[in-house]
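Worksheet: the structure to be examined is printed underneath.
The values are calculated or read from the model by the stated rules, or taken from the named source; none is laboratory data. The structure presented is a predicted model; accordingly, all values stated were derived computationally and were not measured. Every residue, glycine as well, gets a Cβ built from its backbone with ideal geometry; the counts of neighbours run over all protein chains shown.
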Amino acid sequence: MAESRLTQHYQQQQQPSDAIKGMLPERTPSKSQLLAVVTLLPVGGTLLLLSGLTLAGTLTCLALATPLFIICSPVLVPAALVTGLAIAGFLTSGAFGITALSSFSWMASFLRRMRAPGQTEQAKRCVQDRAGGQKVRETAQMTQQKAQDTGREA
């Protein structure tokens, strides 16, 4: 009877581990994967510990400095607002500058690709179609005719 209880107890302990083994992948990880885990686990743990300490320090300093912030708030709030708006202005200016440079870069690469002899006419037609269609074509043809007439007269 005692043996059957021990056997049942042992079988009950084996069943959860079998279930866990069924969830694990069947092939073993490679040496490089094990090395990566062994190396990155302490680094990740250390960084997590440092972030927790930083959060605790920040909250402590904030709790200690809150009375000073409340006393000086008539000065600090406008200063923070001006500083925030200045930073937002600089970031917006930088974003617009990067956008302009990237559009110029795209345009330059597009024009370099269009230097092939037959493609420039195709590009002109494409731009004309997108820019205004028939009216632009008519204006371009009139300008071209005037330039040819002027060339013949001279």
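Within the bounds of region 59-70, is there any residue that is without any contact (Cβ under 8 Å) to a residue 40 or more places away in the chain and touching a Leu at 6+ places or on another chain (Cβ under 8 Å)?
Yes, there is a match, as at least one residue in region 59-70 is without any contact (Cβ under 8 Å) to a residue 40 or more places away in the chain and touching a Leu at 6+ places or on another chain (Cβ under 8 Å).
I'd like to know if region 68-80 contains one or more residues that are at pLDDT 85 or above, loosely packed, with under 10 Cβ neighbours inside 10 Å and not β-branched (Val, Ile, Thr).
yes
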